Amino acid sequence: MLSNNRLRIEGGVPLRGRVCISGAKNAALVLIAASIMAKGETILDNVPYIEDVNVLIRILQEMGVKVHWNEDHSLSIQAPDDMIRVQASADLTRKLRASNLLLGSMLGRQAKVAISVPGGCDIGLRPMDLHIKGVQALGATVDIKHDSIFAERENSKGAPIYLDFPSVGATENIMMMAALTPGDSTIENAAKEPEIVNLASYLNAMGASIRGAGTDVIRITGVPELKAVRYSTIPDRIEAGTYMLAAAATGGEVVLENVIPQHVYPVIAKLREMGVVVEEQNPGELLVKTPGKLKPVDIKTMPYPGFPTDMQPQIAVLLGLSSGTSIVTEGIFENRFKYVDEMTKMGAHITVESSTAIIDGVQSYSGASLYAPDLRAGAALVMAALAANGISRIYNIHYIERGYEDLPDKIRSLGGEMVKVNDGAEDSDAMRRMMLKVI
Ligand code: EPU
């Protein structure tokens, strides 16, 4: 049954104050997947309490892995020493693209794996050919039948692997399998995202031998086993970017805590070009404020350190409030403009031609009833609603809850007017209108 849960946002309040950025969704997911390769109990710090993490936890629990949250927000993970149940339930794996990361970590620790073809946000085709070619090069045999991937390895051996595209997930899967595969492996044209570096450092802390993460070539020498350690997830650069843009869109002044500024440089560079002030304050802190009218800029999304695809909908919302025409080109996923129809309801002028959006800035947005089409588009609609005149209601918020920890609380702590209204409950202005009718 479709949920009627929604966010009710009264726009037009400049966000002001300090906000602490959570651990990175996409780093936490792969660290959790990698933890099943360790002997003993792993503790991961700074893991965000979000739906995607909770789905992955449920998948692992179904597979017989012990996983629980601790009071200090850390996560304990302990896989059994013997073989893990090979197939996780299709219902859960289909909910989460990151369940594909169990391919590499399971093949690292044991000879047989079966996973359902993973799901996730509908933002493009999202094939797994590069993951599969990678594990095959390391000696796995792979068979795809009835929406499931069956993989087995026997006498696997390190190998050189060239990726046609620097896929984040494929780089992670190959790195995990190769960490426990005898011999030397290299990944050429590897992804360079900060989440890749976080994973490599984590695996090295567990006893792996991985060099070059963060560059185009990653070199891995297989080790016989990995031990459990305590390790921390990096801050979420996409959550940080979203708050930076929300501060700019509402004409506010916000200090972000717990950020690695270098990870958000591609976003900072574009914000500065638009006339937004971004200053590094104390270590791990960034101040964002908008002194005047925003300037239009052109942007193309690219693999890191290019401008992130996961910030494309949010920057489009900000450019929609600038003083001219901007062109945004999506270079990673083919289906990431699904927020445009919703933005049109708010008064935005955006036209899409193939992988390009042409954005003509408007003075302001107006509140509307909106449907989040996926996670990042949902976050962009929240930003637009915060900047808009009037009240907006955003539905399909399960998408947004996949990736943003405590969003309504964090926005309220910055002075924004946002509440989550649960199924069946009336929000306060609807209630007021009803009362007036009764009187
Ligand atoms: N691709 C292939 N074949 C493959 C793998 C990927 O053609 O075997 C293509 C994809 O279709 C896409 C491009 O390569 O066009 C990039 O995909 P990539 O594999 O790099 O993405 P991913 O690993 O599926 C991760 C993040 C995404 C983020 C992308 C790009 C996780 C769990 N997800 O996805 O995050 O957009 O990298 O940076 O790490 C999000 O957080 O909202 C999100 C979608």
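General observations
- Excluding ligands, DNA and RNA, the accessible surface per residue across segment 296-421 is 34 Å² with a 1.4 Å probe.
- Cα-based helix-to-principal-axis angle, 51-62 vs the chain, degrees rounded to 10: 30
- Karplus-derived HN-Hα couplings along segment 63-71 (A = 6.51, B = -1.76, C = 1.60, θ = phi - 60°), whole Hz, x at Gly and Pro: 8, x, 8, 7, 9, 8, 7, 9, 4
- Using the average count of surrounding beta-carbon atoms within 10 Å as a protection proxy, the listed peptides 65-75, 290-300 rank, highest first, as 290-300, 65-75.
- Where the alpha-carbon atoms of the chain are placed on the principal axes, they occupy 73, 48, 42 Å, in descending order.
- Dimensions of segment 216-295 based on its C-alpha atoms, expressed as ranges along the principal axes with the largest first, amount to 58, 27, 19 Å.
- Folded to 0 to 90 degrees: helix 168-179 orientation relative to the chain principal axis, Cα: 30
- The Rg/Rh ratio of segment 138-244, with Rg taken over Cα atoms and Rh as the Kirkwood radius over Cα pairs, comes to 1.01.
- Angle of helix 375-387 to the longest C-alpha principal axis of the chain, folded into 0 to 90 degrees and rounded to 10: 20°.
- Dividing the mean sequence gap of close Cα pairs (under 8 Å, 6+ apart) by how many residues the chain holds gives a relative contact order of 21 percent.
- Count Lys and Arg as plus one, Asp and Glu as minus one, and take only other residues whose Cβ is under 12 Å from that of Gly416; the net charge is then +1.
- Ellipticity estimate at 222 nm from DSSP helix runs (n ≥ 4, -39,500 (n - 2.57)) divided over the chain, nearest 500: -9000 deg cm²/dmol
- Globularity index of segment 1-63 is 1.59 (Cα radius of gyration / 2.2 N^0.38 Å, N = number of residues).
- Proportion of all alpha-carbon pairs of segment 261-357 beyond 22 Å (%): 30
- Test item: Cα-centred dipole of segment 89-221, Lys/Arg +1 and Asp/Glu -1 on Cβ, debye: 240
The values are calculated or read from the model by the stated rules, or taken from the named source; none is laboratory data. Given the structure is predicted, the values throughout are model-derived calculations rather than measurements. Positions of Cβ are backbone-derived with ideal geometry, glycine not excepted, and every protein chain shown enters the neighbour counts. Protein only, heavy atoms only, side chains kept; ligands, DNA and RNA dropped before computing areas. Shrake-Rupley method; radii C 1.70, N 1.55, O 1.52, S 1.80 Å.
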